[in-house]
Amino acid sequence: MSDAKKTDWAARRNDFPILDQQVHGRPLIYLDNAATSQKPRAVIEALVRYYERDNANVHRGIHELSNRATTAFEAGRIRAAKFINARSADEIVFTRGTTEGVNLVAHCWGGKNLKPGDVILLTELEHHSNLVPWQMLAQRVGARLAFIPVTGDEGVLDLTGLDSLLTPQVKLLSMVHISNSMGTVNPVEELCARARKLGVTTFVDGAQSAGHLPVDVQAMGCDFYAFSGHKICGPTGIGVLWGRQELLETLPPYQGGGEMILSVGYDRTEFKHAPHRFEAGTPDISGPIGLHAAMDYLDGIGRENIWKHDQELAGHAYERLASLRNIRLFGPKTNRAGLVSFLLDDVHAHDVVTLADQAGVALRGGHHCTQPLMHKLGVESTARASFYFYNTLAEVDRFVDVIVEIQKFFAS
Ligand code: C6P
């Protein structure tokens with residue numbers, strides 16, 4: 001029997017107090033996990049414990065509470081390094097989330113390394129967080145963006161023209177690991193290897209991957225990887241940017257302020273080494289503490305088990321939806337991450353989500369912060385169900401039954 005089969009998923013579900021409630025008189029079925037995940041008791045209790053016993057500012061006090069807070073905060077950094085197999089905790093920069101990770105690299109790495117005429121290569125699948133910061137950077141330094149195309153509704157990258165896209169002008173390849181609107185799993189190891197051979201720096205947006213499958217940044221072969229705590233059962237407001245240490249050390253600070261300095265004079269400042277030079281001011285202290293608990297919790301289950309469970313739920317949802325008429329499905333048919341994206345003929349995605357909500361099913365409808373991709377596919381929006389390990393096959397069935405009811409409602 002596989003480990004995935006041995007996991008007691010019902011017990012794991014009971015770790016999430018929020019799931020035990022009714023919405024509009026129906027049991028809540030939370031299928032908006034790509035937007036944010038729910039929090040297990042272990043994470044909630046770690047936060048309460050910190051605020052009840054240890055709360056103090058970090059890195060500056062020499063009293064007991066400050067020492068405890070600092071130790072717990074830095075333990076979160078060590079845990080994050082282990083979570084993604086970084087070589088050292090010094091490669092872990094705490095951010096507010098994936099978005100800030102991209103902005104930090106665009107500002108610090110891009111500002112230092114890009115010049116007019118350089119090219120930033122992205123994919124057509126990118127979330128606005130991994131697009132807008134690069135547009136802003138390109139405008140600032142006179143660089144330009146290029147895109148690896150997607151095939152169409154399947155949302156798979158078309159790599160046939162990659163060699164011609166990887167021109168000598170390309171200095172950075174930044175790409176999403178798992179697409180939040182299509183469920184595509186990009187071949188990031190292969191793409192990083194091809195870029196690396198040409199001396200191109202690589203950034204991987206791990207917002208949808210870090211909490212769903214085992215991540216090893218060294219094996220991935222990228223230079224930067226970013227993710228958000230709130231999508232992996234951790235608190236909001238905390239995220240991780242990983243960068244190769246030798247690269248981080250070459251970068252200028254992101255923001256100026258307290259805690260990122262070695263010494264300050266009225267006219268000049270000497271900055272700390274990475275990662276502290278990127279963390280100006282009082283950080284989100286409880287964030288890494290809650291994140292630590294979340295990482296322990298997820299690895300207690302095993303991300304390979306979570307991945308198998310995600311795929312089982314999404315595969316079942318996709319198959320059942322594909323058997324319906326008057327539906328357009330997006331994303332790959334196989335090797336799909338734990339979400340399904342779809343449109344019912346002649347029904348706006350927002351209407352699907354509103355009616356599903358009345359039945360207790362939380363979906364997301366909209367452009368999913370991938371507007372250019374939606375335009376390319378000729379749609380404004382899709383409805384999306386995104387799963388996590390605490391969802392069940394029975395919930396997937398109920399979700400599809402609700403979609404069938406919505407179809408009938410609009411057909412009548
Ligand atoms: N996607 C979704 O519902 P932040 O907001 O910084 O935690 O994450 C941004 C982000 C970046 N990349 C990808 C691939 C993402 O999916 C997200 C967040 C949410 O799909 C909110 S739009």
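A short reminder: the numbers here are calculations on the coordinates, not readings from a lab. Everything numeric in this text was worked out from a predicted model, so none of it was measured. Note that we place each Cβ from the backbone using ideal geometry, even for glycine, and neighbour counts take in every protein chain shown.
Key figures for this structure:
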| read-out | value |
| --- | --- |
| Alpha carbon centroid spacing (whole Å) that separates region 1-62 from region 202-274 | 24 |
| J(HN,Hα) series, region 85-97, from Karplus relation 6.51 cos²θ - 1.76 cosθ + 1.60, nearest Hz, glycine and proline x | 6, 6, 6, 7, 5, 5, 8, 9, 9, 7, 10, 7, x |
| Backbone HN-Hα couplings from phi across region 106-112 [Karplus 6.51/-1.76/1.60, Hz, Gly and Pro as x] | 4, 6, 7, 6, x, x, 7 |
| Amide H contacts of residue 258 (H built 1.01 Å from N, under 5 Å, at least 5 apart or other chain) | 281 |
| Distance-filtered residues of region 309-329 - backbone nitrogen under 18 Å, label point 7 angstrom along residue 6 Cα→Cβ | 309 |
| Helix-derived mean residue ellipticity, 222 nm - over the chain, DSSP H n ≥ 4, -39500 (n - 2.57), to 500 | -10500 deg cm²/dmol |
| Viscosity 0.890 mPa s, 25 °C: Kirkwood-radius Stokes-Einstein D of region 19-70 over Cα pairs, µm²/s | 177 |
| Tilt relative to the chain, helix 64-83 - C-alpha long axis, 0 to 90 degrees, to 10 | 60 |
| Angle in degrees between helix 393-411 and the longest Cα principal axis of the chain, rounded to the nearest 10 | 60 |
| Amide hydrogen neighbours beyond the local backbone of residue 238, cut-off 5 Å, H modeled | 229, 230 |
| Set of lysines near residue 231 by C-alpha distance (under 28 Å), chain-local residues within fewer than 8 positions excluded | 5, 6, 39, 82, 308, 333, 376 |
| With 10 Å bins from 0: P(r) over region 35-176, alpha-carbon pairs, percent | 10, 26, 28, 20, 13, 3, 0 |
| Using alpha-carbon coordinates, inclination of helix 132-141 to the longest axis of the chain, degrees | 40 |
| Neighbour-limited loop hits for trypsin sites (Lys or Arg not before Pro), region 305-412 (at most 10 other Cβ within 10 Å; DSSP other than H, G, I, E, B) | 325 |
| Additional length obtainable on full extension of the chain from residue 167 to residue 21, 0.36 nm per residue less Cα span | 47.1 nm |
| Sum of side-chain charges, residue 132 neighbourhood, beta-carbon under 13 Å (Lys, Arg +1; Asp, Glu -1) | -2 |
| Sum of side-chain charges, residue 57 neighbourhood, beta-carbon under 14 Å (Lys, Arg +1; Asp, Glu -1) | -4 |
| Tail fraction, Cα-Cα pairs, the chain, threshold 28 Å, whole percent | 50 |
| Relative packing of peptides 281-291, 17-27 - highest average C-beta neighbours within 10 Å first | 281-291, 17-27 |
| Per-residue ³J(HN,Hα) for region 324-334, Karplus 6.51 cos²θ - 1.76 cosθ + 1.60, θ = phi - 60°, Hz, x for Gly and Pro | 7, 9, 6, 9, 10, 9, 10, x, x, 6, 10 |
| Sites residue 397 and residue 42 - FRET efficiency at Förster radius 41 Å, r taken between beta-carbons, to 0.05 | 0.90 |
